[in-house]
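**Student:** One structure, pasted below without further comment.
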């Protein structure tokens, strides 16, 4: 039986190695030599499956799946408001992200590199869209439980939430101790209940 690695397996391992280097050492560190070294393969293996380094970077994006656990909505107790739900989601996201600052920095570097690279330019927007869909799904779950409806488009609400998380992530990377989620996040979403209204039972 042949022990030769299939091309698809080699490609997968190289993409994972590229992701791991970017998320721990930064985008610039993900050279072809570093990628093959991390994957435990000879340098020639890279060019067997990829035409360029950017092709490998492209395949990192699907591996950066948004963590949907931050946007999970539990069974909501009576008296909960949509403002409470959003504050809880963002606080959960912040605490999870603060635990892995290098990963957040690596993703930020990947965003910047891709935006500046013509063949990768569309990928950050596609990835951001997955976050928007997760937020929309969580909000719709909460709205159904609470019997309310949104007064503005759901995607607009999701983008408001993500603008806050994007800004908080940069602040956290600069000075994590200066951002206390229990103090910072509630005021940012104060008044968000005005974007929702009770569903008319009729």
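**Student:** So which residue, out of 122, 168, 39, gets the largest mean-square fluctuation from a GNM of the chain using Cα contacts under 10 Å as springs?
**Tutor:** For the chain, modelled as a Gaussian network with Cα springs under 10 Å, the answer is 122.
**Student:** Also, I was wondering about something else. How big is D for the stretch 1-99, in µm² s⁻¹ as a whole number, if Stokes-Einstein is applied with the Kirkwood radius of its Cα pairs at 4 °C and 1.567 mPa s?
**Tutor:** Rounded to a whole number, D works out at 80 µm²/s.
**Student:** May I pose another question? When the chain is treated as a GNM, springs tying every alpha-carbon pair under 10 Å, which of 140, 51, 100 comes out with the largest mean-square fluctuation?
**Tutor:** The residue that fluctuates most here is 51.
**Student:** Rg(Cα) of the chain divided by 2.2 N^0.38 Å?
**Tutor:** That works out to 1.24 for the chain.
**Student:** Based on DSSP H runs of at least 4 residues, each adding -39500 (n - 2.57), what is the mean residue ellipticity at 222 nm of the chain after dividing by all its residues, to the nearest 500 deg cm²/dmol?
**Tutor:** -20000 deg cm²/dmol
**Student:** Sticking with this structure for a sec: In the stretch 71-146, what is the volume of the convex hull around the alpha carbon atoms, normalised per residue and reported in Å³?
**Tutor:** Enclosed volume per residue, from the Cα hull, is 83 Å³.
**Student:** Let me see the pair-distance distribution of the stretch 7-61: every alpha carbon pair, 10 Å bin width, integer percents in order.
**Tutor:** 29, 64, 7
**Student:** Let me ask another. Specify the angular offset, from 0 to 90 degrees and rounded to the nearest 10, of the alpha carbon long axis of helix 82-98 from the longest principal axis of the alpha carbons in the chain.
**Tutor:** The angle comes out near 30 degrees.
**Student:** Continuing with this model, one more query. For the chain, modelled as a GNM with alpha-carbon contacts under 10 angstrom, which of 150, 125, 30 fluctuates the most?
**Tutor:** Result: 125 has the largest fluctuation of those listed.
**Student:** Rank these for me by crowding, 31, 91, 36, going from fewest to most other beta carbons within 10 Å.
**Tutor:** 31, 91, 36
Any read-out appearing in this document is the output of simple, stated calculations on the displayed coordinates, not a laboratory observation. Remember, predicted model here, so these are calculated numbers, not experimental data. A quick note on method: Cβ atoms are made from the backbone with ideal geometry, for glycine too, and the neighbour counts reach across all protein chains shown.
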